[in-house]
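These notes are about the structure you will find just below.
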Amino acid sequence: MKTRLRALTIISLVVGLPIFIYLIRQAGGKDILTRVQTLGAGFALILGISILRQFTRTWAWLHCLQPAERGLSFFAVWRARLAGDALGDLTAAGPLIAEPIKVMALGRHLSKAALASSLAVENVAYAVSSCVMVMGGTLALLASFALNESLRSVSLVALGGVFAVMVGLALTVALEARVASILCAALARFIPHEQLSSWVGAKLGYLRDLEDYVFGFYARRPVDFALVALCEAAFHALGVTEVYVTLHLTGDGSSVRQAFILEAVNRVVNIVFSFVPAMVGVDEAGSGLLAQTLGMGMAAGVTLAIVRKARMFCWIGLGLIFLVGLRPTKNSQ
């Protein structure tokens, strides 16, 4: 598995880097450099907005824990998030490695079961809020800008797909449909390899407990649910603010609507291409093409992606420092 992930990371970079270089040349390297230099000390403001975004999801995770388990330091949870995301952003494993790292980082404070369950709830809330964000951005794009037939068709298909995912998630939670454990049980039954089948079967109890926690949270903790929803909404609102401020500081300017659409599409890119290290190439392609569609020019979108990447590497560096400081600990399951 590690070998395959390493190979996927290398392949992603080999494909992404030429795209990155090509887009900079297409958009105009000197023009982009001038825009980045125009940003100057304003980059500190971008970092400030982005740290507030991290804080919102940290608060959301804390409120996904049981009230009796909230003795954790806010900054301990924030450090765990940064450490996990740093490794996830740098490898093709993405969330597959980022989420376990976050749990491991706090293992000396709480059980892995409590941490994993609360993190699962926060990720579900983030997924739903992202779906809402993407749907809103797509509708704004369709309603406000003249798109060619192919782009309009793609937007409508994406809108339908996101809506279907959102309805599926809502029905799963509302009906307490134990889809994950049912699929896991079926998988254990049909896997021919005896050891692998036994391992999957052994995880069924843990998976059912996880489902109980998720369903119980949304059904029996309305106040915490409302606070988590507000935190996720704030995360996306700050994302739009970051895009708006970045474009103005680099001399491009934008309307709030344009910033909203750019951030909504960025959510899609982050989710679909989470296996691409640091979103090399794909972020520049998505932001550049969309900015061109919005009448801002490709250089504006590519510059936005580069500034976003510089911000990302600042937090990756800090996250790696926190990651080095982690020590494996023994704790209850």
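The values are calculated or read from the model by the stated rules, or taken from the named source; none is laboratory data. Owing to the predicted nature of the structure, the values given are computational and were not obtained by experimental measurement. Every residue, glycine among them, receives a Cβ derived from its backbone with ideal geometry; neighbour counts consider all protein chains shown.
Quick notes on this structure:
- Pair list, Cβ < 7 Å and 6+ apart or interchain, from the range 11-35 residues that are touching a residue at least 40 places away in the same chain (Cβ under 8 Å) and under 19 Å from V276 (Cβ atoms) to residues that are surrounded by 14 or more Cβ atoms within 10 Å (Cβ to Cβ) and among the aromatic types (F, W, Y): S12/F275
- In the range 213-233, the residues that are under 12 Å from S129 (Cβ atoms) form Cβ pairs under 6 Å with partners that are among the β-branched types (V, I, T), at six or more places apart or across chains, as follows: C231/T56.
- Screening V223 against (1) β-branched (V, I, T); (2) loosely packed, with under 15 Cβ neighbours inside 10 Å; (3) in contact with a helix residue (DSSP H, G or I) (Cβ under 6 Å, 6 or more places away or on another chain) leaves a single unmet condition, (3).
Here is a yes/no grid of residues against (1) free of Cβ contacts under 8 Å to residues at least 60 places away in the same chain; (2) buried (at least 16 other Cβ atoms within 10 Å of the Cβ); (3) acidic (D, E):
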{"residue": "G107", "(1), (2), (3)": "no, yes, no"}
{"residue": "V124", "(1), (2), (3)": "no, yes, no"}
{"residue": "C131", "(1), (2), (3)": "yes, yes, no"}
{"residue": "S150", "(1), (2), (3)": "yes, no, no"}
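One line per residue, one yes/no per condition, for (1) of a type in the set (A, V, I, L, M, F, W, C); (2) modelled with pLDDT under 95; (3) under 20 Å from the mean Cα position of the chain (by Cα); (4) not in a helix (DSSP H, G or I):
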| site | (1), (2), (3), (4) |
| --- | --- |
| D224 | no, yes, no, no |
| F260 | yes, no, yes, no |
| V265 | yes, yes, yes, no |
| V268 | yes, yes, yes, no |
| A299 | yes, yes, no, no |
| T329 | no, yes, no, yes |
| S332 | no, yes, no, yes |
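- Top-ranked residue of the range 54-99 - restricted to ones that are touching an Asp or Glu at 6+ places or on another chain (Cβ under 7 Å) and under 16 Å from L318 (Cα atoms), ranked as surrounded by the most Cβ atoms within 10 Å (Cβ to Cβ): G84
- Reported count of residues in the range 246-289, each being surrounded by fewer than 19 Cβ atoms within 10 Å (Cβ to Cβ), touching a residue at least 24 places away in the same chain (Cβ under 8 Å) and more than 25 Å from L87 (Cα to Cα), is 2.
- Matching residues in the range 228-257 - criterion: being touching a Phe, Trp or Tyr at 6+ places or on another chain (Cβ under 8 Å) and over 20 Å from A44 (Cβ atoms): C231, E232, F235, S254, V256
- Those residues of the range 1-53 which are buried (at least 16 other Cβ atoms within 10 Å of the Cβ), basic (K, R) and under 26 Å from the mean Cα position of the chain (by Cα), in sequence order: R53
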